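Below is one structure, written out as structure tokens, with a few remarks after it.
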Amino acid sequence: MENHLKNLNSLSEIYAAGNNLTLKVGPNWHPTFQLTSLDLSSWQLGPNFPSWIQSQDKLDYLAMSNTGIVDSIPCWFWNTFSQAHFLDLSHNHIHDFFCKSQEKPMKLEFLNLASNKLSGEIPNCWGIWPNLVDLNLQNNNFVGNIPQSMGSLTTLKSLQIRKNLLSGTFPTILKKTNKLIFLDLGENNFSGSIPAWVGESLLDVRVLILRSNRFSGYIPKTICDMSLLQVLDLAQNNLTGHIPTCFNSLKAMTMTNKSTTPLIFCDAISNISSSSYFTIVSVLLWLKGRGDEYKDFLGLVTSIDLSNNKLVGEIPRGITDLNGLLFLNLSHNQLSGHIPQNIGNMESLLSIDFSRNKLSGEIPPTITNLSFLSMLDLSYNHLNGKIPTGTQLQTFDASNFIGNNLCGQPLPINCSFNDKILRYDRNDKGSDRHGVNLFFVGMTFGFVVGFWIVVGPLVIFRSWRYAYFHFLDHVWFKLQYFF
């Protein structure tokens, strides 16, 4: 490889990501070129941190994601790249990084250390990165809480620290990062209540993910003031109380807002950046136990997931005003009352999961208006009556309706027959009268079946219908001739 590169003295940019190649150079190789941009993501560069990178002190963009590095970030790294704006070292096996050795502020705006083996407490040295816009530390083994120095990141737009071992109460230092639009603290061990100031200070947040922690208490009503919120994920916590009745104030989840100013996250993040770089953030949406990643079209996604908590009371009627909402998951709670009658107004819904609650009454007929619905789970509630007839509902698996007192397709229970048996068992005491009722039921059933045996083929098959009426005309003509 050295022979191929030795005469490229004017080389300034290398973009060769995704080639799954191995870069073999000697330990003492010093390139004759000076790069400003280098992307060797998915190359094999490890296991040691490539030492030749130290000579490239003009780098503004460095991406070495998924390169097999099993090492710590060396002390010289931060000094060498103090002028860089973009650093991506994600999806390696890096087990430590020392930012305390760096004293002067850096120009760094995008830092991605996700999916490594970083452990211990998050270093408390974030004051050296005053321009940081996007920070991704997710899928590591960090413990403790978010350090105080992270409160100095006043330009931060995206913070992703999902899937670590962080603990303590909701980080109060985030109150200072009031330009955040993407906040993912999911899959940690945070506890305590969700503070009211979240909905007062973080008004620009579009994505708020707090799932799989140990948060308790009520959902603060101030969340309703986050009018730009598009994804709210509070699932798998210990939240109690009622769902706030003011969720209809989440205007970004309505068609009116989505049709005029759809959000593109990479633009929203990069607008504050002095460089031309941006990253595309992604989010996992969980549907029936499976996490699906949304990245390229995240700006068009709207979702509310409050599943696996201890919420009680009714589903607020105002939630049906969110006619731009795509995903709604309230499963595994203790919700009671009826499904809102106007649920058919939520015309954009792709997925509804109300399973394993205490909902009662009938399924609202308006649910058949949800023409885009591709997933519906109402199982294990106290619902009764007939499943409304609609294009989508009868195509869902019967398991999505079990554990109720429902009848009709797709369940193998005949509604009309079931209704009459229940009514007679409840009201009739005499065996003679019961027998008479069964006689009329049987007679009616036989008439309907016989009628459709004769008429059904005429309705379904056009050729039979033409032949039948042609036969009637012929008989009528013969009768006229006879008389």
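The values are calculated or read from the model by the stated rules, or taken from the named source; none is laboratory data. Because the structure is a prediction, the values reported are computed rather than measured. Positions of Cβ are generated from backbone atoms using ideal geometry, with glycine treated the same way; all protein chains shown enter the neighbour counts.
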Taking the range 114-125 on its own, how many of its residues are out of contact with any Gly (no Cβ under 8 Å at 6 or more places or on another chain) and over 17 Å from residue 71 (Cα atoms)?
3
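Filter the range 173-201 for residues that are assigned to a strand (DSSP E or B) and surrounded by fewer than 20 Cβ atoms within 10 Å (Cβ to Cβ) and give the result.
Taking the range 173-201 and keeping what is assigned to a strand (DSSP E or B), we get 182-184, 189-193.
Within the range 173-201, 189, 191, 192, 193 meet the criteria.
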One residue is enough: does the range 16-35 have a residue meeting the conditions crowded, with 17+ Cβ neighbours inside 10 Å, at negative phi and touching a Lys or Arg at 6+ places or on another chain (Cβ under 9 Å)?
yes
Hey, residue 223 β-branched (Val, Ile, Thr), more than 19 Å from residue 178 (Cα to Cα) and either at pLDDT 95 or above or touching a Leu at 6+ places or on another chain (Cβ under 6 Å) (or both) or not:
no
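Is one or more of the residues making up the range 264-280 of a type in the set (S, T, N, Q), at pLDDT 65 or above and surrounded by 19 or more Cβ atoms within 10 Å (Cβ to Cβ)?
Narrowing the range 264-280 to residues of a type in the set (S, T, N, Q): 270-271, 273-276, 279.
When the remaining residues are screened for being at pLDDT 65 or above, the result is none.
No: the range 264-280 contains no residue that is of a type in the set (S, T, N, Q), at pLDDT 65 or above and surrounded by 19 or more Cβ atoms within 10 Å (Cβ to Cβ).
Specify which of the listed residues (176, 163) is charged (D, E, K, R) and modelled with pLDDT of 95 or more. Full working, then the answer.
Numbers: 176 fails: modelled with pLDDT of 95 or more.
Matching residue, one of 176, 163: 163.
Are there strands (runs of 3 or more DSSP E) fully within the range 302-345 with at least 2 residues that are closer than 23 Å to residue 238 by Cα and among the polar types (S, T, N, Q)? List them. Steps first, please.
Numbers: elements: 303-305, 310-313, 327-329, 334-338.
It comes to 334-338.
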Looking at (1) more than 35 Å from the chain's Cα centre (by Cα); (2) more than 28 Å from residue 155 (Cβ to Cβ); (3) in a loop (DSSP other than H, G, I, E, B); (4) at pLDDT below 85, can you tell me which one residue 20 breaks?
(1)
Is there a residue in the range 44-67 that is surrounded by fewer than 17 Cβ atoms within 10 Å (Cβ to Cβ), within 37 Å of the chain's Cα centre (by Cα) and in a strand (DSSP E or B)?
yes
Residue 213 being within 24 Å of residue 307 (Cβ to Cβ), out of contact with any Asp or Glu (no Cβ under 9 Å at 6 or more places or on another chain) and modelled with pLDDT of 95 or more
no
All but one of (1) over 24 Å from residue 23 (Cβ atoms); (2) surrounded by fewer than 18 Cβ atoms within 10 Å (Cβ to Cβ) hold for residue 140, so report the exception by its number.
(2)
Is it true that some residue in the range 40-57 is at pLDDT 85 or above and in contact with a Cys (Cβ under 9 Å, 6 or more places away or on another chain)?
no
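Among the residues that make up the range 102-116, is at least one of them under 23 Å from the mean Cα position of the chain (by Cα) and under 23 Å from residue 218 (Cα atoms)? Steps first, answer last, please.
Of the range 102-116, the ones under 23 Å from the mean Cα position of the chain (by Cα) are 112-115.
Applying the additional criterion that residues be under 23 Å from residue 218 (Cα atoms) yields none.
Checking the range 102-116: not a single residue is under 23 Å from the mean Cα position of the chain (by Cα) and under 23 Å from residue 218 (Cα atoms).
If you take the residues of the range 380-408 that are among the polar types (S, T, N, Q) and over 21 Å from residue 325 (Cβ atoms), which of them is surrounded by the most Cβ atoms within 10 Å (Cβ to Cβ)?
Just the residues of the range 380-408 that are among the polar types (S, T, N, Q), to begin with: 381, 384, 389, 391-392, 394-395, 399-400, 404-405.
From what is left, the residues that are over 21 Å from residue 325 (Cβ atoms) are 384, 389, 394-395, 399, 404-405.
Numbers: 384: 13, 389: 12, 394: 14, 395: 12, 399: 12, 404: 19, 405: 14.
Applying the filter and picking the extreme gives 404.
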Name the single residue, out of those in the range 61-77 being of a type in the set (Phe, Trp, Tyr) and without any contact (Cβ under 8 Å) to a residue 40 or more places away in the chain, that is farthest from residue 106 (Cα to Cα).
76
Of (1) surrounded by 18 or more Cβ atoms within 10 Å (Cβ to Cβ); (2) assigned to a loop (DSSP other than H, G, I, E, B); (3) out of contact with any Phe, Trp or Tyr (no Cβ under 8 Å at 6 or more places or on another chain), residue 205 satisfies all except one. Which?
(3)
Among the residues of the range 322-345, how many are over 17 Å from residue 382 (Cβ atoms), touching a residue at least 40 places away in the same chain (Cβ under 8 Å) and buried (at least 20 other Cβ atoms within 10 Å of the Cβ)?
5
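Quick check on this structure: which one of 355, 360, 371 is polar (S, T, N, Q), at pLDDT 50 or above and surrounded by 16 or more Cβ atoms within 10 Å (Cβ to Cβ)?
Numbers: 360 fails: surrounded by 16 or more Cβ atoms within 10 Å (Cβ to Cβ); 371 fails: surrounded by 16 or more Cβ atoms within 10 Å (Cβ to Cβ).
After ruling out the rest, the residue left standing is 355.
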Please work out which one of (1) closer than 20 Å to residue 212 by Cβ; (2) free of Cβ contacts under 8 Å to residues at least 24 places away in the same chain is the condition residue 365 fails and give its number.
(1)
Given (1) under 22 Å from residue 107 (Cα atoms); (2) under 38 Å from the mean Cα position of the chain (by Cα), number of the condition residue 91 does not satisfy
(1)
